[in-house]
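Here the structure comes first, spelled out in structure tokens, and everything after it is commentary.
The values are calculated or read from the model by the stated rules, or taken from the named source; none is laboratory data. Not measured: the values here are computed from a predicted model. Virtual Cβ from ideal backbone geometry, glycine too; neighbours counted across all protein chains shown.
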Amino acid sequence: MKLADNLALAWRTVRANKLRTGITVAIIAFGIMALVGIITAIQAMNNSLRDSFSTMGANAFSIRFRERRMMMGGGDRSADVTQSKVGSQRKVKKSSTGQIITYQQAQQFKQGYEFPSSVSIGINGPRSQVVTYENKKTNPTVSLNGGDDNYLKLNGYEIAYGRNFNRNEIESGTDICIVGKDVAFKLFGSRIDRALDKVIRVGSNKYRVIGVTKEKGASAFLQADNVIFATYTNVKQRYANKNQSYQLAVMVDDINRLQPAIGEAEGYFRNVRGLTTIEDNNFYIDKSDSIAETFIKLLGTISAAAGAIGFITLIGAAIGLMNIMLVAVTERTKEVGLVKALGGKRNSIRAQFLFESTLISLMGATIGILLGVIIGNLVGSLMNTPFFIPWGIIGIGILICSAVGLIAGIYPAMKASRLDPIVALRYE
């Protein structure tokens, strides 16, 4: 028998047993769908994580008094992620003198840190704020952050319209602000430049708009444009909180100088904090992409679970496919006997059954991959992740299903090829 004849006969056999084929295809498709769907969603979230958390760039780092806390999706949820100390092999633990970073300490660091770099002071204001202008208002999801003239640059923002804070405004704590693109669009429509010099109300406080940032983009984990920036002195005056800590950010011009900058910052800030040589750091230094890496590792666990689910399902599908092929051998015993009586070779009979099992398996793979990509991206779209096609896992899925079809079909094919033609022709 020629290859084309074997393929055609296998396809006719598959079509002739629709119910049996459909059930097996569905089992295989479910396993591949679970695998491809979950991994598609996770890889889309991985890309979103890198975009969300790598805000400062590879040549910057931040100093905080405790683990970095990130707000997910602009809501009230937050995630604490324990970081290892950058630039050291040992784990950081708080010393007994651990305290928040105070206004005086932040000022002292910025003024005394001599490494060639840009330094920014920041402070978190209230979250979940309603911003109003005349008869328009935002949802209660806007965050207010305080910073200085370097704050926007070190957090990956650019001014689209207007200007940045100047030194006098920072020192005096003037009621001025820079609004994110989403806030400006909500209050002023598509002409977001009209926000300049308007007085808006953030909660119960009034601010004059001096700038609008360029669009930074939303993701599953960060609504970067749904924010308002005031000076850190203004936030300190308006929203005084004795437990509020300042954050420091540092950016160097050359990425090759990042580690020396971190080392010098660590040593100088230990002095600012009044730590002795036998005390561990009571602050954390982290690079912008370290948070993303931590979350990606957590998502990797989910990927492994998805792989396990898909693998177990495919084992069940392989067993089911083997049983179906054994039934097919029994049903077609006379047919096999006739083929062998007419001179059919064992290789041709084995190929026919292997083609049939592989064809069923690949049909399941095709359906499962399509459903997996669609479902994975639907889940991702709910968290504002971009459309993603996991070509690597699709290729792996096809290879796995091909292997499942071959493995499941080997024993039935061998059994069929070894049938005695005389006994087979007399089989009832």
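Scanning segment 240-250 for residues that are in contact with a strand residue (DSSP E or B) (Cβ under 8 Å, 6 or more places away or on another chain) and surrounded by fewer than 20 Cβ atoms within 10 Å (Cβ to Cβ) yields 244, 245.
Note on segment 257-295: residues that are crowded, with 19+ Cβ neighbours inside 10 Å, modelled with pLDDT under 85 and in contact with a helix residue (DSSP H, G or I) (Cβ under 7 Å, 6 or more places away or on another chain) amount to 4.
Residues 230, 249: which one is small (Gly, Ala, Ser), under 28 Å from the mean Cα position of the chain (by Cα) and within 18 Å of residue 120 (Cα to Cα)? Write out each step before concluding.
Values: 230 fails: under 28 Å from the mean Cα position of the chain (by Cα).
From the options 230, 249, the qualifying one is 249.
The residues in segment 160-182 that are at positive phi and among the aliphatic types (A, V, I, L, M) can be counted, and the count is 0. Where helices (runs of 4 or more DSSP H) fall wholly inside segment 145-204, the ranges with 1 or more residues that are among the β-branched types (Val, Ile, Thr) and within 24 Å of residue 61 (Cα to Cα) are 167-172. Could you list, ordered by first residue, the pairs with Cβ atoms under 7 Å in which the first is in segment 99-111 and under 12 Å from residue 283 (Cα atoms) and the second is surrounded by fewer than 17 Cβ atoms within 10 Å (Cβ to Cβ), at least 6 apart or interchain? Within 7 Å, the pairs are 100/243.
Restrict the check to segment 396-410 and report whether at least one residue is on the phi > 0 side of the Ramachandran plot and in contact (Cβ under 8 Å) with a residue 60 or more places away in the chain. Outline the logic, then answer.
Of all residues in segment 396-410, those on the phi > 0 side of the Ramachandran plot come to none.
Looking for residues that are on the phi > 0 side of the Ramachandran plot and in contact (Cβ under 8 Å) with a residue 60 or more places away in the chain, one finds none in segment 396-410, hence no.
Count of segment 116-130 residues, restricted to those that are crowded, with 19+ Cβ neighbours inside 10 Å and either free of Cβ contacts under 8 Å to residues at least 60 places away in the same chain or under 18 Å from residue 206 (Cβ atoms) (or both), is 2. When residue 211 is tested against the conditions (1) over 26 Å from the mean Cα position of the chain (by Cα); (2) part of a loop (DSSP other than H, G, I, E, B), the lone failure is (2). Comparison of 157, 133 shows that the only residue that is under 24 Å from the mean Cα position of the chain (by Cα), surrounded by 16 or more Cβ atoms within 10 Å (Cβ to Cβ), modelled with pLDDT of 90 or more and closer than 19 Å to residue 196 by Cα is 157. Considering segment 329-423, the qualifying helices (runs of 4 or more DSSP H), each wholly inside and each with 2 or more residues that are of a type in the set (Gly, Ala, Ser) and modelled with pLDDT of 80 or more, run over 346-382, 391-417.
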